[in-house]
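Below: the structure, in structure tokens.
The values are calculated or read from the model by the stated rules, or taken from the named source; none is laboratory data. Keep in mind that this is a model prediction, so the values were computed, not measured. Methodologically, a virtual Cβ is constructed for each residue, glycine included, from the backbone with ideal geometry; neighbour enumeration extends over all protein chains shown. Each accessible area value is taken on the protein alone, full model and side chains, heavy atoms only, with ligands, DNA and RNA left out. Shrake-Rupley method; radii C 1.70, N 1.55, O 1.52, S 1.80 Å.
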Amino acid sequence: MSSSSSEKRVMVLAMDETENSQYALEWALDHFFTPFGSDAPFDLVIVYAKPFPPVPIASVAGGPTPAVAMGPEIFPAVDLELKLVADQVTEKAKQICTSKSVQGALVEIVEGDARNVLCDAVDRHRASLLVLGSRGYGAIKRVVLGSVSDHCTHHAHCSVMIVKKPKSKK
């Protein structure tokens with residue numbers, strides 16, 4: 001059986017604006033792509049989950065809301081900022097791939113909650129591996145804020161690798 005690109009397994013890698021996700025990308029490229037050149041064992045799909053822009057909720061609540069108090073002009077500005085961040089993150093991902101001599105990575109921006117976006121990307125691309133950076137939250141913060149990696153380890157239909165950035169020595 002020949003080893004064509006269409007027969008490769010797919011790795012979905014979660015990317016955001018944090019150093020931890022950049023480290024996870026670099027680590028994955030160093031271990032699964034750069035040493036193999038064009039014979040890498042995976043096709044790479046990098047996914048950035050762009051948060052939904054805010055929407056006015058005054059009509060739902062029926063009364064004054066923080067959205068009304070801030071004024072409607074805030075929403076386009078926030079949406080523009082979210083788009084700028086998405087563009088910066090995806091450009092950074094492409095730069096990292098280029099610096100590691102990795103060509104052909106698919107970079108996607110998908111709007112939505114990162115937990116759902118990543119699990120959906122795994123299904124859509126039939127990925128065999130999902131790679132995430134670890135934010136290093138303790139148990140309390142994970143419970144309060146919700147952990148993307150915890151959610152994905154329980155709901156993604158593939159293996160999940162969490163790459164933890166080593167603590168810098170002082």
- Query: In the full protein assembly as shown, how much of Asp30 is accessible to a 1.4 Å probe, in Å² to the nearest 10?
  - Reply: 70 Å²
- Tell me the label-point distance for the pair Gln103, Ser128, using the 7 Å Cα-to-Cβ offset, in nm and rounded to one decimal. 2.4 nm
- Message: Heavy atoms of the protein only, probe of 1.4 Å, neighbouring chains included. What is the accessible area of Val148 in Å², nearest 10?
- Response: 50 Å²
- If ligands, DNA and RNA are left out, what is the accessible area of Val110 with a 1.4 Å probe, given in Å² to the nearest 10? 40 Å²
- Net charge of neighbours whose Cβ lies under 13 Å from the Cβ of His155, counting Lys and Arg as +1 and Asp and Glu as -1: -3
